[in-house]
C-alpha cells in the first residue's frame, strides 16, 4: 500500500495538493502546523478540508514559540502590506523577498513532517510550494526542496524518502485548472483560506489574496471561496469576466 503525508495549511495550494495526493496514493494523511500565524483561520480551513477529503488521519500540531521574524504573519505589530492592484503589487515587490517570508519556516516544517511521515510508515511527503513564488519565498524553490530531501534521506539513513511538489512548475492559473480536474477539490476550495489578514470574506489587497484572485482570473474560472461568500451575502462579485457565469445564473 502506498502512503503519503500532506503538509496541509488550509490554503488553496495545499488543498489542491491534498486532493492530488488522494489520486496518487492509497492512503493519505495530513499534518497542519499551528505556529502562531496571524492568519489562524487557515487552521479551521485545514480541519474542514481534511474532513471533506476523508484523510486517514489529520494532526494539527501546535509548535512552541520557535519562529521569530519581522514578518507580519508572526509579528502582530508589523504592518501587512496592501496593494492597489495585482500589477502594482508585482511592480512593488519585484525580485525582493516578500515581507511575509518567515525565515526557516519551511525547513522546520519539512523536518518535523518527515518525522511524522516515518512514524506513519510514509516515505512520501507532499507540499504545495511552487516556483511561482520563487522570487519572493526562497524556501519555495526546487533547489531548496531537493536539498531538504537529500538531508532527510541522510538523516534517516535511507534513499527512498521523497518530497512531492506537484505545483512546483505551475502558474497559479494552471494550479486552478488542476484543482478543477481533481474529484472533490473544487468543492473543498470553497472552504480553503488564503488571505494573510485572516479575514473572511477575502476582500483585502495583500499579496496572497491578489495572487489567488489573479490565478482564477487568468484561468477564466470563478473562485469557489468568493462564490460562497457572495451567496452568503458577504461580498459582491468581482467585476472580472471569470464571474460572468455566476452573475448570469443569479439574474
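Annotations
- The residues listed here are 182, 170, 120, 125; of these, the one that is surrounded by 14 or more Cβ atoms within 10 Å (Cβ to Cβ) and either under 14 Å from the mean Cα position of the chain (by Cα) or at pLDDT below 70 (or both) is 170.
- Residues of the stretch 152-187 satisfying the condition of being in a helix (DSSP H, G or I) and under 16 Å from residue 118 (Cβ atoms): 152, 153, 154, 155, 156
- In the condition set (1) crowded, with 16+ Cβ neighbours inside 10 Å; (2) closer than 26 Å to residue 23 by Cα; (3) at pLDDT 95 or above, residue 230 is compliant with all but (2).
- Subset of the stretch 29-61 that is in a strand (DSSP E or B) and surrounded by fewer than 20 Cβ atoms within 10 Å (Cβ to Cβ) - its residue that is modelled with the lowest pLDDT: 34
- Residue match in the stretch 243-250 (condition: over 15 Å from the mean Cα position of the chain (by Cα) and buried (at least 20 other Cβ atoms within 10 Å of the Cβ)): yes
- Any hit, the stretch 197-210, residues being modelled with pLDDT of 90 or more and outside any loop (DSSP other than H, G, I, E, B): yes
- Sole exception among (1) assigned to a helix (DSSP H, G or I); (2) more than 25 Å from residue 167 (Cβ to Cβ) for residue 239, by number: (1)
The values are calculated or read from the model by the stated rules, or taken from the named source; none is laboratory data. Keep in mind that this is a model prediction, so the values were computed, not measured. Neighbour counts run over all protein chains shown; Cβ positions are idealised from the backbone, glycine included.
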